[in-house]
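The next block holds one structure in the form of structure tokens; read it before the comments.
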Amino acid sequence: MSRENKTEEDGKENMAAWLVGIKTLRIQPYTLPPLGPHDAKIRIKAVGICGSDVHHFKHMRCANFVVKKPMVIGHECAGVVEEVGSQVKSLTVGDRVALEPGISCGRCNSCRVGRYNLCSEMKFFGSPPTNGSLATMVLHPANLCFKLPDNVSLEEGAMCEPLSVGVHACRRANIGPETKVLIVGAGPIGLVSMLAARAFGAPKIVMVDIDDCRLSFAKKLGADGTILASTKIEDVQDEVIQIENAIGARVDVSFDCVGVDKTMTTALSATRAGGKVCLVGLAQSQMSIPLTPAAAREVDVIGIFRYRNTWPLCIDFLRTGKIDVKPLITHRFSFSQQDVEKAFETTARGGNAIKVMFNL
Amino acid sequence: MGSCEENMAAWLYGVNDLRVLPYKLPALGPRDVRVSMKAVGICGSDVHYLKTMSCGHFLVKEPMVIGHESAGIIDEVGSEVTTLAPGDRVALEPGTGCWRCDRCKEGRYNLCPDMKFFATPPIHGSLANKIVHPADLCFKLPDNVSLEEGAMCEPLSVGVYACRRAQIGPETNVLVMGAGPIGLVSLLAARAFGAPRIVVVDVDRNRLSVAKEVGAFATVQVSTKTEDIEKEVEQIQKAVGGVGIDVTLDCVGFSKTMSTALSATRSGGKVCLVGMGHCDMTIPLTPAAAREVDILGVFRYKNTWPQCLEFLSSGKIDVKPLITHRYGFSQEEVVDAFETSARGSNAIKVMFNL
């Protein structure tokens, strides 16, 4: 049932965390546009912080996306349906939903072949100039709001977003019950890639990182082996031998969840002839890597950009318990000026902070 | 049995040291054939071995017969060979896998770690009067396909295999980097696979006119300078008529060509690295990955001879314009032929007639 749209609910203004300058976030009013016939208004309950949010926070840009005017931050979110547009049949007020951030155009070549993550007109929460979702309420197309089963919490709903990256990577790399996997980088993305790979049936997963604590965490979450690596390129050969010993076989697929020269070099060298390396982590722009020897072994390099059509599968993995993302949520904050600042500081620190979550 | 003349071959003895000397053949196994070689082409890798006694991680440690792009006439067949007979004209696939390893058993025998390949040390090549080879690697030439065209099946196979890996078809707009022999066979193969538009780029204007003659939709002359990439990508987009480039075949393999390839290919497209130039490359990999432009490696070929012969027989592919220079099989001519091939430029495929 839709009511006349109001920008003020119960007399209180809608508030959001606005990025107004470098390292400057301010909780300020956020006026929502009118509710369209296919939209839903969502009361946001859980929002996670992503490395890209931190990057925007620190630099007012992320790759080619430049923050030119104040922008609401945040895109990993879940909430409760507050109101639905006149044509919405899939949702009712009170439904608990996880939100897929990106609105694609449906008209460009990428959209028309179903690769909407590559849409040239993509409007994505928290990618300038599109406002994000760290707010009391947001408006969003109903078809991008996915109902959560009773046994899946709102925080887990928010985790569907990073988990989707892992799921999309596993699909592109064709992970299955015979795929032995190497994951370089045990940060949030490396960890969701591991959880996804296991859910897709991977029998052996080895994780590499430079941080011992993150490696023990990965071990607790189910990694079959972990290798402590250095940042030095000279150590690649040695580390590849350690990887092969740990995995007990040849690596079929590697996920580089970092994306620098060394990690890509390690991934290319460690992967067997005919295997695949997915570049998931988007760190360095220019890379110097031994591409030719890899190509001469037909080790293919597969690019991963966000995800497409992953929410239903993520929710199903969470519902059945095939994936448990709850251990990744290490820190929680509330939606206040002070807590927003502390939360970003905590995430930026890395270390034992894996996923920092806002509870609204 | 056989003629009373000694079997001679072109032996690589050292850097720039090729000698035509006797070559004693092994005994004919039950599944082997002995072939009188008639046409042998020179490949860039043969030239590389001549100049450096190495290629990639392969080292020539003792004298080795050179050459691997070949066709000839069957002399004699082993006791269990039923598919071939003396007098048959055949094209030779150079490499045999072990058929026991994981790669062979999944059909990717080109990646066999124990591959025995003509003129990849320590396996002797085929620039010789006669050689012994497994029968199942010898493919009968249709009547209307010459022995020279038979020899061309080898480089053509690289182009055909690249087109298969990249899934080139009637909707695939293609960019080919490099108009050397490999770029040209890739162009011919892409056309045969139905690609509607193929743009070819090179630094050499003469090679670009050859590309135009054999069917390039458009050509763009490029530089060796990285600063020119942005401008060249614009020229490429203009040349292809503003439609997206779906697949790029880098038939050179340097940082600049690979960087151009990644920038020029549309989101969700593919770049095949076919040419083996530099080992380490500095390329804008992340922006490409963030547009899901995938990079596919291409190493030699697999199961391509029948298709190549089909293309040649039907006329869908004409490789004859690529054969620019011909030599006989003597000490002097072998040396001259390699010099010509190494020179590049207007020398595309140098062919021996034996």
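When we measure straight from the Cα of A:LYS322, which aspartates and glutamates land under 14 angstrom away, once same-chain ones fewer than 8 places off are left out?
Those aspartates and glutamates meeting the cut-off are A:GLU156.
Could you work out how much longer the chain between A:ASN174 and A:ASN143 gets when fully extended? Use 0.36 nm per residue separation minus the Cα distance between them, nm to one decimal.
Between A:ASN174 and A:ASN143, full extension yields 8.5 nm more.
What's the angle, to the nearest 10 degrees (0 to 90), between helix B:181-192's Cα axis and the longest principal axis of chain B?
The angle comes out near 80 degrees.
So for the stretch B:183-223, considering every pair of alpha-carbon atoms, how many percent are separated by more than 16 Å?
24
Using DSSP to call loops (not H, G, I, E or B), can you name the trypsin sites (Lys or Arg not before Pro) in the stretch A:218-269 whose Cβ has at most 13 other Cβ atoms within 10 angstrom?
Passing sites in the stretch A:218-269 are A:LYS232.
Roughly what angle does helix B:147-165 make with the longest principal axis of chain B, taking Cα atoms, 0 to 90 degrees, to the nearest 10?
40
What lysines does B:LYS316 reach when the alpha-carbon gap must be under 18 Å and sequence neighbours fewer than 8 apart in one chain are set aside?
B:LYS212
What aspartates and glutamates could a cross-link reach from A:LYS204, if we take a straight Cα to Cα line under 15 Å and drop same-chain neighbours fewer than 8 places away?
A:GLU178, A:ASP224, A:GLU244, A:ASP252
Could you work out the Kirkwood radius for the stretch A:223-293, taking every pair of different alpha carbons, averaging 1/r and inverting it, reported in Å?
The answer is 12.4 Å.
If you put +1 on each Lys and Arg Cβ and -1 on each Asp and Glu Cβ, how big is the dipole of the stretch B:159-297 around its Cα centre, in Debye rounded to 20?
That gives the stretch B:159-297 a dipole magnitude of about 300 debye.
Chains A and B: what accessible area do they bury, summed, in square angstrom to the nearest 100, with a 1.4 Å probe?
Roughly 2700 Å².
What number comes out for accessible area per residue over the protein assembly as shown if the probe is 1.4 Å? Units Å², please.
About 41 Å² of surface per residue is accessible.
With N denoting the number of residues in the stretch B:1-50, provide Rg(C-alpha) divided by 2.2 N^0.38 Å, to two decimal places.
Ratio of Rg to 2.2 N^0.38 Å for the stretch B:1-50: 1.39.
With an 8 Å cut-off on Cα pairs and a minimum separation of 6 or more residues, tell me the relative contact order of chain B in percent.
17 percent.
Would you list the P(r) distribution for chain B, with all Cα-Cα distances sorted into 20 Å bins from 0 and each bin expressed as a whole %?
Bin by bin from 0 Å, the calculated values are 30, 57, 12, 0.
Given chain A reduced to its alpha-carbon atoms as identical point scatterers, what log10 I(q)/I(0) does the Debye formula return at q = 0.07, 0.08, 0.15 Å⁻¹?
Debye intensities relative to I(0), on a log10 scale: -0.30, -0.39, -1.31.
Please give the residues from the stretch A:289-338 for which the solvent-accessible area of heavy atoms, probe 1.4 Å, is smaller by at least 30 Å² with all protein chains in place than with the chain isolated.
Going by heavy-atom accessible area, the residues of the stretch A:289-338 that drop by at least 30 Å² are A:ILE289, A:LEU291, A:THR292, A:ALA295, A:ALA296, A:GLU298, A:ASP300, A:VAL301, A:GLY303, A:PHE305.
What distance in nm separates the simple spin-label points at A:THR31 and A:LYS342, each placed 7 Å from Cα in the Cβ direction?
3.3
From the convex hull of the Cα coordinates of the stretch A:166-303, what is the mean projected area in square nanometres?
Here the figure is 6.9 nm², rounded to one decimal.
Once the Cα atoms of helix A:311-320 and of chain A are each reduced to a long axis, what angle between those two axes, in degrees from 0 to 90 to the nearest 10, is obtained?
80
For the protein assembly as shown, what is the percent of antiparallel DSSP beta bridges, rounded to the nearest 5?
60
Take the alpha carbon atoms of the stretch B:159-297, find their radius of gyration, then divide it by 2.2 N^0.38 Å using N residues; give the quotient.
For the stretch B:159-297, the normalised Cα radius of gyration comes out at 0.91.
How big is the convex hull of the Cα atoms of the stretch B:71-150, per residue, in Å³?
119
Which of A:VAL280, A:VAL184, A:VAL260 moves the most in a Gaussian network model of chain A with Cα springs under 10 Å?
With Cα springs under 10 Å in chain A, the top fluctuation among A:VAL280, A:VAL184, A:VAL260 is at A:VAL260.
Just the ratio, please: alpha-carbon radius of gyration of the protein assembly as shown over 2.2 N^0.38 Å, N its number of residues.
The value comes to 1.11.
Output the Kirkwood hydrodynamic radius of the stretch B:230-354, Cα pairs only, in Å rounded to one decimal.
When all Cα pairs of the stretch B:230-354 are included, the Kirkwood radius is 17.4 Å.
Which pairs break 22 Å Cα to Cα here: A:LYS45/A:LYS342; B:LYS116/B:LYS256; B:LYS61/B:LYS116; A:LYS41/A:LYS68; A:LYS58/A:LYS147; A:LYS232/B:LYS256?
Over 22 Å apart, Cα to Cα: B:LYS116/B:LYS256; A:LYS41/A:LYS68; A:LYS58/A:LYS147; A:LYS232/B:LYS256.
Between B:HIS278, B:GLY159, A:VAL80, whose Cα lies farthest towards the positive end of the dipole of the protein assembly as shown when Lys and Arg beta carbons carry +1 and Asp and Glu beta carbons carry -1, centred on the Cα centre?
The one lying farthest along the dipole's positive direction is A:VAL80.
Between A:GLU234, A:GLU82, A:GLU156, where does the largest GNM mean-square fluctuation fall for chain A, given springs only between Cα atoms within less than 10 Å?
A:GLU234
Can you give the Rg and Dmax of the stretch B:1-123 based on its C-alpha atoms, in angstrom?
Values for the stretch B:1-123 (Cα only, Rg and Dmax): 15.7, 44 Å.
Give the carbon-plus-sulfur fraction of the accessible surface of the stretch A:166-303 in %, rounded to a whole number; probe 1.4 Å, heavy atoms of protein chains only.
Using a 1.4 Å probe with all protein chains present, the stretch A:166-303 comes out at 52 percent carbon and sulfur.
Would you compute, from DSSP H runs of 4+ residues alone, the mean residue ellipticity of chain B at 222 nm, taking -39500 (n - 2.57) per run and dividing by the full residue count, rounded to the nearest 500?
-8500 deg cm²/dmol
Please report the relative contact order for chain A, taking Cα pairs under 8 Å with a sequence separation of at least 6, and give it as a percent rounded to a whole number.
16
Using a Gaussian network for chain A with springs between C-alpha atoms less than 10 Å apart, which of these wobbles most: A:ARG112, A:ARG306, A:ARG319?
A:ARG112
The values are calculated or read from the model by the stated rules, or taken from the named source; none is laboratory data. On a predicted model such as this, the values are computed, not experimentally measured, just so you know. Here Cβ is always computed from backbone atoms with ideal geometry, including for glycine, and neighbour counts include all displayed protein chains. We work out accessible area using only protein heavy atoms, side chains counted, and drop any ligands, DNA or RNA first. Shrake-Rupley method; radii C 1.70, N 1.55, O 1.52, S 1.80 Å.
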